[in-house]
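The values are calculated or read from the model by the stated rules, or taken from the named source; none is laboratory data. Keep in mind it's a predicted model, so treat the numbers as computed, not measured. Cβ placement follows ideal geometry from the backbone for every residue including glycine, while neighbour counts extend to all protein chains displayed.
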Amino acid sequence: MCFSIEGDLIGGAAVVAIGIDACRHLKAMPEYRFVAILPVVLGLHQIDEAFVWLSLQGRVPESVGNVSMWIYLVFALVILPVLAPLLVLSIEPTQPRRRRIVPFILLGVAVAILMAWALLSSPPTAHLGAYHLAYSIGLSHGIVITGLYIVATCGPMLVSEYRHVVLFGFANLIALVTLARLCANGFASLWCFYAALTSGAIALYLRFGSRPSANAAHAGGSPSPLAQNLESETL
């Protein structure tokens, strides 16, 4: 199966490896270090979900599955809507662009609070679905809050100064909306798997593709190749 124990373990391990490799080659652009770390975190997040699968299949203790489920959901629903806009903020080179990201951070905090309240008010559950894990958190006004979640996580990328970040945002937006419509109870599982894979693509871009660096803008003298690349990447 595409979304299974094997999918989480193999996919998660591959994304972690890609992220570690990207982190090892960022000396010339330290402002991208947190973006490069994201695949490592999301890959570990997917590996964590494998233990939820194993618990539901009776292959590890239920207590292990419960802890893994809480780790998975807290990161996906509470941490990620705040982390996503903060990561975009960390790479924007100009103050006006950073100010555009602030409303998304505030929205992400609001979404995180609502999600945390839902998790604490009604203990979440997980069960095996078709090609995914189905999580239930008893969220009131789920459609509205899911919409705000999408805006908080994808919106900052769409207003970024960098073309590759905007494209990444559009890809995630399409995936989020599609998954939310097709599979509401599998949204957290399928979306995070997709996010892990696409973050791996961003890490590969940083490793082998163009490498914009805001630091070059502060250097004196003639523009360096990194500065020239920044100019070509700017929308």
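Below is a table of values for the structure above.
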read-out: Test: residue in the stretch 34-44 that is surrounded by fewer than 19 Cβ atoms within 10 Å (Cβ to Cβ) and either at pLDDT 95 or above or in a loop (DSSP other than H, G, I, E, B) (or both); value: no
read-out: Qualifying residue in the stretch 99-116 (condition: among the charged types (D, E, K, R) and outside any helix (DSSP H, G or I)); value: no
read-out: Selection status of Y72, closer than 28 Å to V109 by Cα, among the hydroxyl-bearing types (S, T, Y), in a helix (DSSP H, G or I) and modelled with pLDDT under 80; value: no
read-out: Residue within the stretch 27-46 that is over 30 Å from H127 (Cβ atoms), over 16 Å from the mean Cα position of the chain (by Cα) and free of Cβ contacts under 8 Å to residues at least 60 places away in the same chain present; value: yes
read-out: Conditions (1) part of a helix (DSSP H, G or I); (2) touching a Phe, Trp or Tyr at 6+ places or on another chain (Cβ under 6 Å): number failed by Y131; value: (1)
read-out: Breaking point among (1) outside any helix (DSSP H, G or I); (2) under 19 Å from A196 (Cα atoms); (3) among the hydrophobic types (A, V, I, L, M, F, W, C), for A126; value: (2)
read-out: Qualifying residue in the stretch 207-226 (condition: assigned to a helix (DSSP H, G or I), at pLDDT 70 or above and surrounded by fewer than 17 Cβ atoms within 10 Å (Cβ to Cβ)); value: yes
read-out: Filtered residue count, the stretch 78-99, keeping only those that are buried (at least 19 other Cβ atoms within 10 Å of the Cβ) and more than 21 Å from M29 (Cα to Cα); value: 4
read-out: Members of the stretch 11-26 that are touching a residue at least 40 places away in the same chain (Cβ under 8 Å), closer than 22 Å to I71 by Cα and crowded, with 18+ Cβ neighbours inside 10 Å; value: G11, G12, V15, G19
read-out: Residue in the stretch 103-116 that is touching a residue at least 12 places away in the same chain (Cβ under 8 Å) and within 30 Å of G58 (Cα to Cα) present; value: yes
read-out: Index of the failed condition, L89 passing every other in (1) in contact with a Leu (Cβ under 8 Å, 6 or more places away or on another chain); (2) touching a residue at least 60 places away in the same chain (Cβ under 8 Å); value: (1)
read-out: Every residue from the stretch 45-74 that is of a type outside the set (G, A, S) and surrounded by 21 or more Cβ atoms within 10 Å (Cβ to Cβ); value: H45, Q46, E49, F51, V52, W53, M69, Y72, L73
read-out: Answer residue from the stretch 117-138, given it is at pLDDT below 80 and surrounded by 13 or more Cβ atoms within 10 Å (Cβ to Cβ) and is nearest to N172 (Cα to Cα) among those; value: H132
